[in-house]
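Below: the structure, in structure tokens.
The values are calculated or read from the model by the stated rules, or taken from the named source; none is laboratory data. This is a predicted model, so every value here is computed, not measured. When we count neighbours, we look across all protein chains shown, and the Cβ atoms used for this are built from the backbone with ideal geometry, even at glycine.
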Amino acid sequence: MTDHPFSVPRYEPQAGPADLLVTQYRDAGYPAAQQLVQGDYASNAALQQALAARLELARCGLRLELRGDEAFIWPLQALAQAAGLQGDEILLSRLPGSRRVFCVHCAQCQPASAAESLTCAHCGVHLEVRRHFSQRLGAYLGVCADADLPYADLPNGEPRP
């Protein structure tokens, strides 16, 4: 039996540089012309638009590297696949940081830490984060931590919203 669930992505080191790097943080090893950096854009939406524009002009065989935390790389991976890139043309380099969690109760994704539980920011249900990852959603599965008490009491005794 493996300790690594089949659905949880593995981030293996890649050989050789990519043709285009999209990263949360600037990498001095890449020329600016081949690098899109989150900090250079007003929002993630603006970065995604810039990546989509670059991918429209890309030739077959482009190697794209997405480098950042899971909350950053997986929406970009979905965008790249929607633009026609195949899985082996997209290199994922995970950095420590936040991840996305999908709440099965309200069907919303939210950024989260690596903690094993959290309270859904959308519906208020106390979630246990499972070791199941949906590549389609780019998120881990969050389910009610206690079905008998989905809105577990706050520390001051008040019920959750």
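All conditions in (1) surrounded by fewer than 16 Cβ atoms within 10 Å (Cβ to Cβ); (2) within 16 Å of residue 35 (Cβ to Cβ); (3) of a type in the set (A, V, I, L, M, F, W, C) hold for residue 106, with the sole exception of (2). Could you please let me know if residue 63 is touching a residue at least 40 places away in the same chain (Cβ under 8 Å), surrounded by 12 or more Cβ atoms within 10 Å (Cβ to Cβ) and of a type outside the set (Asp, Glu)? The answer is yes for residue 63. Restricting attention to region 125-142, does a residue exist that is touching a helix residue (DSSP H, G or I) at 6+ places or on another chain (Cβ under 6 Å) and within 17 Å of residue 24 (Cα to Cα)? The answer is yes; a qualifying residue exists. Scanning region 12-21 for any residue that is of a type in the set (Asp, Glu) and part of a loop (DSSP other than H, G, I, E, B) turns up at least one such residue.
Of all residues in region 30-40, those that are in a loop (DSSP other than H, G, I, E, B) and touching a Leu at 6+ places or on another chain (Cβ under 9 Å) total 1.
Could you tell me which of the residues 46, 50 is loosely packed, with under 13 Cβ neighbours inside 10 Å and modelled with pLDDT of 95 or more?
Within the list 46, 50, the selection yields 46.
Within region 8-37, the set of residues being under 22 Å from residue 57 (Cα atoms), modelled with pLDDT under 85 and touching a Phe, Trp or Tyr at 6+ places or on another chain (Cβ under 8 Å) comprises just one member, 17. Checked against the criterion of being surrounded by fewer than 10 Cβ atoms within 10 Å (Cβ to Cβ) and not assigned by TED's automatic domain parsing to the domain that holds residue 139, the candidates 13, 5 yield just one match: 13.
Checking each residue in region 69-90 for being in a loop (DSSP other than H, G, I, E, B) and in contact (Cβ under 8 Å) with a residue 60 or more places away in the chain picks out no residue at all.
Hey, can you tell me all the residues within region 91-112 that are part of a loop (DSSP other than H, G, I, E, B) and either in contact (Cβ under 8 Å) with a residue 60 or more places away in the chain or in contact with a strand residue (DSSP E or B) (Cβ under 9 Å, 6 or more places away or on another chain) (or both)? Within region 91-112, 95, 97, 98, 104, 105 meet the criteria. Tallying residues that are within 13 Å of residue 19 (Cβ to Cβ) and in a loop (DSSP other than H, G, I, E, B) within region 41-68 yields 7.
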